[in-house]
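Peer 1: One structure is given below, represented as structure tokens, and several questions about it will come after.
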Amino acid sequence: MNERYLSLRAHLKHYSNEVDYEFKLEEADQIWFCSRKNTKRILRQLKQANLLAYQPGRGRGNSSKLTYPISFQHEIERYIEKCVNDEQLDLIAQILRLPIPKSWVANSSKEIRELLGFQRDDSDSRDVLHTFKARDITTLDPLKVSISLETHLIEYLGDTLVRYDSEKDCFVPHLAHHFHADETNTVWTFYLRKSVSFHNGEYVTSKDVAYTIDRMKTSSPSYSWLARNIVKVECPHQHKVIMHLDRPNGFFLRYLSAINFCILPANVEFNEYEWIGTGPFRLKERTAHKLVLEAHDTYFKERPLIDEIHFYQVTKDAAKTVYLSGDENATNITPSNHKINDAGIRLLAYNLKRQNIIQQPSFRKAIYHLFDVQKMAQELSMEIKEASSFEIERSKPPNKDAKRIIGLLEEAGYHGEPIHLYHFDNYYAVLEAEWMKKEAKTYGISIHLHPISFWDFSDEGMEDNIDILIMGLALSFDKHLAFSYAFKNKALLFNRMFHPDVEAFIYKKLEDFEFESEKHERDKLMQEMEQYLQKEFALFFLYHPIVTRALDPLIQDVESHSFGHLDFTKLWLPS
């Protein structure tokens with residue numbers, strides 16, 4: 001069915017048939033992102049196809065009229081039924097991206113569920129996982145990524161020289177089979193595995209490592225700090241790389257293990273739509289609304305047991321309506337729930353560069369006591385662990401006293417001026433922000449909500465109008481690298497809102513933190529920075545989310561991965 005036709009009826013809410021709908025041509029211009037000339041041409045084509053009747057408005061500025069021969073709900077349900085019969089998930093996903101009532105989808109959700117989950121092609125025994133995602137992919141460039149899902153996907157596409165072993169708290173060889181440092185810890189030598197192939201079939205050499213380092217050093221400040229201590233790179237031969245540092249750095253191997261440092265080919269210009277790396281999956285297809293990962297058959301480590309993963313973008317309502325299941329009797333099956341307890345942290349940050357009421361510590365304290373995490377979790381039916389630290393192991397319920405709020409507001413001199421709260425435009429973030437607005441209103445605090453997209457998140461200048469920001473951080477298994485990354489990456493919005501004095505303190509302590517070789521001393525420095533930030537009420541920690549992911553119960557060996565996601569390389573389906 002014509003995609004232009006579907007988007008027109010969905011966005012204009014032209015649901016009924018035999019009704020004259022008035023509309024202006026500029027509405028169609030905006031929906032179709034095209035010129036007036038093309039809008040008129042498309043309308044004529046839809047009329048010729050008997051999908052609608054179009055009556056142009058008479059005279060400048062007058063409304064045109066549209067009528068339709070069939071109700072939109074009936075048309076959608078009939079179309080979904082045909083797509084299900086033809087097993088065309090791409091076309092179903094196209095329908096599920098439309099802003100239509102979710103009840104129209106619910107009638108076919110059983111049949112759609114049967115197309116999701118694991119599907120085995122008996123002709124070549126390929127196991128394919130089909131799943132939905134509720135938003136666009138922002139970027140898959142390792143030097144621009146700042147969102148957890150995209151970071152997680154890059155972990156499947158690329159590999160680093162070394163990897164962090166969270167169980168042993170040490171670094172193990174990966175693309176490099178061996179490495180060592182000289183007695184000064186300023187000259188590091190890495191020996192590359194032989195016959196490690198990129199997705200295009202070419203082998204990894206020392207020149208690729210040198211290229212990746214140079215690309216990192218000349219990138220934006222968000223990530224160039226990962227390579228800032230490397231002053232010289234030597235490539236004596238194809239499988240040997242020598243890196244010279246300007247001084248010893250206890251964090252050097254942590255930097256190299258960050259997925260942003262995945263090795264890219266030197267002779268191919270990076271293109272995130274034609275991703276070439278060495279990872280266990282390769283990028284088979286990427287469009288505006290679909291992403292396909294395919295197992296890298298010649299991967300130098302254990303090949304993934306699953307052959308392909310297909311991600312289809314749909315609306316949030318559609319994603320919630322259709323859960324992931326591949327069982328034939330999907331209506332009688334309960335999905336297998338897998339909890340990830342250490343999925344990151346939610347925090348509230350103040351913009352200490354704004355010259356308004358936010359500058360008053362008493363006002364910031366009032367917001368601290370107002371945000372009762374346990375009350376919110378109970379009212380919104382959320383499973384969380386209240387946070388007082390970056391690390392879940394150290395977190396304890398903080399002491400809050402709602403009786404202090406009114407006195408603190410009076411002390412701050414607050415008189416009802418609007419407070420601008422920014423948050424992501426996703427389901428739980430919206431609920432969270434609306435809950436805070438409701439709570440604040442009971443104390444006479446006027447909060448204006450500003451949902452932002454993932455695309456807006458790293459825009460320079462976005463922070464200028466923010467008073468309060470609520471956001472989450474998804475963490476890698478290496479908590480010390482994650483801590484340093486969180487406060488050094490200026491792509492993360494809260495980092496651009498600190499007062500210069502606070503920023504200076506953080507950078508001084510981070511430098512001590514990164515050059516400290518003893519783990520327990522780094523832990524002390526982490527706690528010192530956390531306590532300082534909360535004492536200054538520059539930010540405070542809200543909670544650690546407990547993430548539950550529903551999967552087809554037939555899927556075996558489900559393990560959590562970093563950044564609060566599942567490890568797709570381990571999944572498999574019994575025959």
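What follows draws every value from the coordinates through simple rules; no lab data is involved. Just so we're clear, the structure is a prediction, and the values are computed from it rather than from any experiment. All Cβ positions, glycine included, derive from the backbone under ideal geometry; neighbour counts span all protein chains shown.
Peer 1: Name the long-range amide H neighbours of F132: under 5 Å, sequence gap of 5 or more, or other chain; modelled H, no Pro or chain starts.
Peer 2: Those qualifying (amide H under 5 Å, at least 5 residues apart or on another chain) are Y312.
Peer 1: So for the chain: antiparallel DSSP bridges make up what percent, rounded to the nearest 5?
Peer 2: Close to 80 percent.
Peer 1: Another question, if that's okay. Obtain the nm distance between the two label points defined at D214 and T298 by a simple spin-label model: each point lies 7 Å from its Cα along the Cα-to-C-beta direction.
Peer 2: 2.5 nm
Peer 1: Expressed as a rounded percentage, what relative contact order does the chain have, with Cα pairs under 8 Å and six or more residues apart?
Peer 2: Averaging sequence separation for qualifying contacts and normalising by length gives 16 percent for the chain.
Peer 1: In whole Hz, with x marking every Gly and Pro, tabulate ³J(HN,Hα) for the stretch 278-288 from phi via Karplus 6.51 cos²θ - 1.76 cosθ + 1.60, θ = phi - 60°.
Peer 2: 10, x, x, 10, 10, 7, 7, 8, 9, 10, 4
Peer 1: Further question on the same structure: Go through A181, F261, H237 and say which Cα lies farthest out towards the positive end of the charge dipole of the stretch 148-261; charges sit on Cβ, +1 for Lys and Arg, -1 for Asp and Glu.
Peer 2: Farthest towards the positive pole: H237.
Peer 1: Under a point-charge model restricted to the Cβ atoms of Lys and Arg (+1) and Asp and Glu (-1), what is the dipole moment magnitude of the chain relative to its Cα centre, in debye to the nearest 20?
Peer 2: With only Lys, Arg, Asp and Glu charged at Cβ, the dipole is about 1560 debye.
Peer 1: For the stretch 43-104 and the stretch 368-396, what is the centre-to-centre distance using only Cα atoms, to the nearest Å?
Peer 2: Between the Cα centres of the stretch 43-104 and the stretch 368-396 lies a distance of 45 Å.
Peer 1: Just name one of S16, C34, I70: the one whose Cα is farthest towards the positive end of the charge dipole of the stretch 3-70 (beta-carbon charges, Lys/Arg +1, Asp/Glu -1).
Peer 2: Towards the positive end, the residue furthest out is C34.
Peer 1: For every other residue with a beta carbon closer than 15 angstrom to the beta carbon of V233, add +1 if it is Lys or Arg and -1 if Asp or Glu, then tell me the sum.
Peer 2: +2
Peer 1: Using Cα positions and a limit of under 17 Å, work out the aspartates and glutamates in reach of K65, with same-chain residues fewer than 8 apart set aside.
Peer 2: E18, D20, E22, E26, E27, D29
Peer 1: Do the sum for the chain: with -39,500 (n - 2.57) for every DSSP H run of n ≥ 4, divided by all residues, what is the mean residue ellipticity at 222 nm, to the nearest 500 deg cm²/dmol?
Peer 2: -9500 deg cm²/dmol
Peer 1: Cross-link list K437/K524; K144/K519; K24/K82; K13/K40; K438/K479: which exceed 27 angstrom alpha carbon to alpha carbon?
Peer 2: K437/K524; K144/K519; K24/K82; K438/K479
Peer 1: Another question about this same structure. Run the numbers for E81 and R394: contour at 0.36 nm per residue of separation, minus the present Cα-Cα distance, in nm.
Peer 2: Going from the current span to full extension adds 107.5 nm.
Peer 1: Could you state the orientation-averaged shadow area of the convex hull built on the Cα atoms of the stretch 148-261, in nm² to one decimal?
Peer 2: Value for the stretch 148-261: 7.7 nm².
Peer 1: So what's the gap between the Cα centers of the stretch 206-224 and the stretch 469-492, to the nearest angstrom?
Peer 2: Cα centroid to Cα centroid, the span is 20 Å.
Peer 1: A further question follows. Full extension from C170 to K438: what is 0.36 nm times the residue separation minus their Cα-Cα distance, to one decimal in nm?
Peer 2: 91.8 nm
Peer 1: Under 17 Å between alpha carbons: how many lysine pairs meet that in the stretch 148-261, if sequence neighbours fewer than 8 apart on the same chain are excluded?
Peer 2: 7
Peer 1: Tell me which aspartates and glutamates have Cα within less than 13 Å of K375's Cα, excluding those fewer than 8 residues away on the same chain?
Peer 2: Hits, sequence-local ones excluded: E383, E386, D401, E432, E439.
Peer 1: Report the Cα-based extents of the stretch 3-70 along its three principal axes, largest first, to the nearest Å.
Peer 2: Result, largest extent first: 28, 25, 22 Å.
Peer 1: Evaluate the distance, in nm, between pseudo-label points positioned 7 Å from the Cα of K509 and of H177 along their respective Cα→Cβ axes.
Peer 2: Going from the K509 label point to the H177 one covers 4.4 nm.
Peer 1: On to the next question. Answer rounded, prolate or oblate for the stretch 353-412, using the Cα gyration tensor with square roots of eigenvalues a ≥ b ≥ c: rounded when a/c is under 1.5, else prolate when a/b is larger than b/c, else oblate.
Peer 2: Because a/c hits 1.5 or more and a/b exceeds b/c, the stretch 353-412 counts as prolate.
Peer 1: Moving on. With label points built 7 Å along Cα→Cβ from the Cα atoms of K65 and K284, find their separation and express it in nm.
Peer 2: 5.1 nm
Peer 1: Right, something else. If the chain between Y427 and A402 were fully stretched, how many nm would it gain, using 0.36 nm times the residue separation less the Cα-Cα distance?
Peer 2: 6.3 nm
Peer 1: Straight-line reach only, C-alpha to C-alpha below 12 angstrom: list the aspartates and glutamates that K353 could link to, leaving out same-chain residues fewer than 8 apart.
Peer 2: E463, D464, D467, D501, E503
Peer 1: Report Rg (one decimal) and Dmax (nearest whole number) for the stretch 345-545, counting Cα atoms only, units Å.
Peer 2: So, for the stretch 345-545, Rg and Dmax equal 16.4, 50 Å respectively.
Peer 1: If you plug each phi of the stretch 21-28 into the Karplus form 6.51 cos²θ - 1.76 cosθ + 1.60 with θ = phi - 60°, what whole-Hz ³J(HN,Hα) values come out, in order, with x for Gly and Pro?
Peer 2: 9, 7, 7, 10, 4, 5, 5, 5
Peer 1: Then there's this: Can you pull the Kirkwood radius for the chain, inverse mean 1/r over Cα pairs, to one decimal in Å?
Peer 2: By the Kirkwood definition, the hydrodynamic radius is 26.7 Å.
Peer 1: What FRET efficiency comes out for the pair E111/S381, r = Cβ-Cβ distance, R0 = 35 Å, nearest 0.05?
Peer 2: 0.75
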